[in-house]
Amino acid sequence: MKDRTLKRYVATLMLALLVVPQLFGVAEVPLPAVTGWDMFSPEQDIQLGQQNAAEVRKQMPILPDSNPVSQYVQQLGAKLVATMPKPTWPYKFHVVQQKDINAFALPGGNVFVNLGTIQAAQNEAQLAGVMAHEMSHVYERHSTKQASKQMAAQIPLGVLGALLGGGVAGSLARAGLQFGAGSIFLKYSRDMESQADAVGARIMYNAGYDPVQLANFFQMLEKQGGAQTSQFFSDHPNPGNREEAIKKEIADFPPKNFIENSPAFEKAHQEAMGIKAYSAQQIQQHAWGAQSTGDNGISAAVPAASSAFTTLNHSAFDISYPEDWHVYGDTNSAVTIAPQGGVSQNAVAYGVIINGSDSQNGNSLDQSTQQLVSSLEQSNPGLKQISDSNITVNGVKGKSIDLAGNSPIQGQRERDWLVALPRSDGSLLYAVFIAPDKDFPQLRPTYERMLRSWKIK
Ligand SMILES: [Zn+2]
């Protein structure tokens, strides 16, 4: 071999090495670093996600892992996960036997894809797009960032540390935050949507799919419209110009031969068409959610209250309550005391939330109470004060405030009776007694008896 030939050979090889990775799909683009404030630790994301996934399993029909469609989705998911920077979240993929075109992800990596989504996808790339989008919400920790913001707005900072020290799910419950399907975790902002599209586009590209297919799928959904897609757009609000934004995002990516479809997709798609998928309404009625008789899984009937009372010895107070009610929370933080069926997905429809406010140095009881009422009104849209009076509870002079708001039970108005008592450090201890308007009179005697037993320590 002559020198010159060798040189040319080497040059060709070099050129091939430069070109080949792009042609054969080896080229990769980095995912952006995750920034932004999150009061949860990554471990808490995982813990919360697992607790939620257990909830979802109770509420929704999940296709068994052994089903060929689940297996296909899990394989496709694994292919996408393989492109993620390590270490990454413990992603898990599930198929929900639901008609509606939807998908959602819980913090820490559980991704649920509705059967309807698989049925509606025209090719593997589109399905990969939806999954990559959901994975991006997990990657960006959008759920716990949303929860962080809401908790910060809702809970005085002084008690946040105590709240987060215990079980996280309980903390969210005590903060009145819902989780599970259809919860705060799944309501993303438009900015978050754009971010999930941008990260999702990169995951798709790295896995060998054309990111534009993600936009195509969303466009198809929008064209289809109607009830079957409404939940998706309620959870994932359209940031506008999805296609344009994605095209801009990928403009500088090296060219690549993309996979559009696979025989495995076609097979799974066909299989999916033959599996019974339920409507959201059927799922609710079937009561996968155990006691789900009303909206949100909250019992529509007035829950029972035993006349036999038992006492909660909290570090900050004692209170008696019907022995068949449950205490959520521990004795060092805020608690919710509620009847069976009174709380679902951690929205309280019936029951009592007891919490503490930040210490308000120099403020009068009236001023501190007004501040508390404003912060409650701010964090609960629709909540309005309707009356204000003085009250004495076991020798402590406090304030009694009636508020009206929206019940977590669909179409119902709610009465919230707030009683605030001053503590020696200038902060408030307060209880909110909650019931739908029409049921409040029936529960009032129970609430009054609880209040009479309430003693600050
Ligand atoms: Zn989204």
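Every number in this text was worked out from the coordinates using simple rules, so none of it is lab data. Quick caveat, the model's predicted, so the values are computed rather than measured. Neighbour counts run over all protein chains shown; Cβ positions are idealised from the backbone, glycine included.
Side notes on the structure shown:
- Pairwise label distance in nanometres, Gln385 with Asn313, each label 7 Å out on the Cα-Cβ vector: 3.7 nm
- Sequence of Thr88, Thr229, Thr392, Thr35 once ranked by neighbouring C-beta atoms within 10 Å, starting from the fewest: Thr35, Thr392, Thr88, Thr229
- By the beta-carbon count within 10 Å of each Cβ, the least crowded to most crowded order of Ile409, Ile250, Ile118, Ile275, fewest first, is Ile275, Ile250, Ile409, Ile118.
- Likely footprinting exposure, Lys86, Lys247, fewest C-beta neighbours within 10 Å first: Lys86, Lys247
- Percent of beta bridges antiparallel (DSSP, segment 31-284, rounded to nearest 5): 35 percent
- Structural descriptor for segment 31-284: relative contact order 26 percent, calculated from alpha carbon pairs under 8 angstrom and at least 6 residues apart.
- Cα gyration tensor shape for segment 299-456, rounded if a/c is under 1.5, else prolate or oblate: oblate
- J(HN,Hα) series, segment 325-340, from Karplus relation 6.51 cos²θ - 1.76 cosθ + 1.60, nearest Hz, glycine and proline x: 8, 10, 9, 9, x, 10, 7, 10, 9, 4, 10, 10, 10, 8, x, 4
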